[in-house]
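The values are calculated or read from the model by the stated rules, or taken from the named source; none is laboratory data. What you are looking at is a predicted structure, and each value in this text was computed from that prediction instead of being measured. Here the Cβ is made from the backbone with ideal geometry for all residues, glycine too, and neighbour counts use every protein chain on show. Accessible surface areas use protein heavy atoms only, side chains included; no ligands, DNA or RNA. Shrake-Rupley method; radii C 1.70, N 1.55, O 1.52, S 1.80 Å.
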Amino acid sequence: MKKISIAIDGHSSTGKSTLARELARSLGYVYIDSGAMYRAVALFALENGLVDDTLDEAGLLEHLQALELDFKVNPETGRSEIHLNGKNVEKQIRTIEVSRYVSEVAAIPQVRTKLVALQQEMGAEKGVVMDGRDIGTVVLPGAELKLFMTAAPETRAARRYKELLERGETVSYAEVLKNVRHRDHLDSNREVSPLTQAADAIRLDNSDMGLKEQYERVRSYAERILKAKK
Ligand code: CDP
């Protein structure tokens, strides 16, 4: 059976990673969460005194070359998890604090150059599902299936708010909505590879779509492409 690459882009908190993980699992493909890599760089900045209300961009750039980022499968969960300089930081990168600075970090051209190169290496072989903001446009422009996911900001904020509460974070819905809007703005307006829908991507607005319906729809797209490839 031939393998394809699947690129999933879109706005924050649209369920890209849930869908990508499930697709990868069912197809026996590798899942790569590109956002986790940007989050890990933001975490590094926070943990190393490079954020004092504003981000010390020059300071971060001094460390950038030496930063080691990779994914390793956690034997307990079977999930691939992000490691920063050899340490598993999968949990630490999901806080609202990291979300506050990640889009600023992701707008730095040198950060993107490094991370895109790593992502392209990881996605060099087919049989990969990668999610992010610029996967279909920049990282894997040759992906056979491209999706662009979106939903109303309020819906997305409500989903993320629930997730953060379940993880025990103290945060208000208003703060989460503000963060969703702020990242939408920064991600869509940055100079280097801003968030845009690739011309050949299928748009999925899941404001009113259940997870199962969405998964089945996307799975049928993938099957159609795989059939044509046989
Ligand atoms: O919160 P959500 O899961 O939607 O975002 P994420 O996928 O974890 O990505 C966090 C942030 O990283 C985004 O808001 C972008 O600023 C940045 N990012 C990016 O610039 N390019 C990517 N390919 C992936 C993420």
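I want to confirm something. Restricting to the stretch 1-43 and keeping residues that are assigned to a helix (DSSP H, G or I) and of a type in the set (V, I, T), which single residue is most open to solvent (accessible area, probe 1.4 Å)?
So, considering only residues that are assigned to a helix (DSSP H, G or I) and of a type in the set (V, I, T), the one most open to solvent (accessible area, probe 1.4 Å) is T18.
Enumerate the pairs (first residue in the stretch 52-74 and closer than 14 Å to N88 by Cα; second residue anywhere and assigned to a strand (DSSP E or B) and open to solvent by 80 Å² or more (accessible area, probe 1.4 Å)) with beta-carbon separation below 9 Å, excluding pairs fewer than 6 apart on the same chain, so at least 6 apart or on different chains.
F71/V30
Among the residues of the stretch 180-230, which ones are open to solvent by less than 90 Å² (accessible area, probe 1.4 Å) and acidic (D, E)?
D184, D187, D205, E223
Is it the case that E154 is charged (D, E, K, R) and surrounded by fewer than 17 Cβ atoms within 10 Å (Cβ to Cβ)?
Considered against the rule, which asks whether it is charged (D, E, K, R) and surrounded by fewer than 17 Cβ atoms within 10 Å (Cβ to Cβ), E154 comes out as yes.
Consider H83 carefully, then state whether it is modelled with pLDDT of 95 or more, more than 14 Å from the ligand (Cβ to nearest atom), surrounded by 13 or more Cβ atoms within 10 Å (Cβ to Cβ) and in a helix (DSSP H, G or I).
The answer is no for H83.
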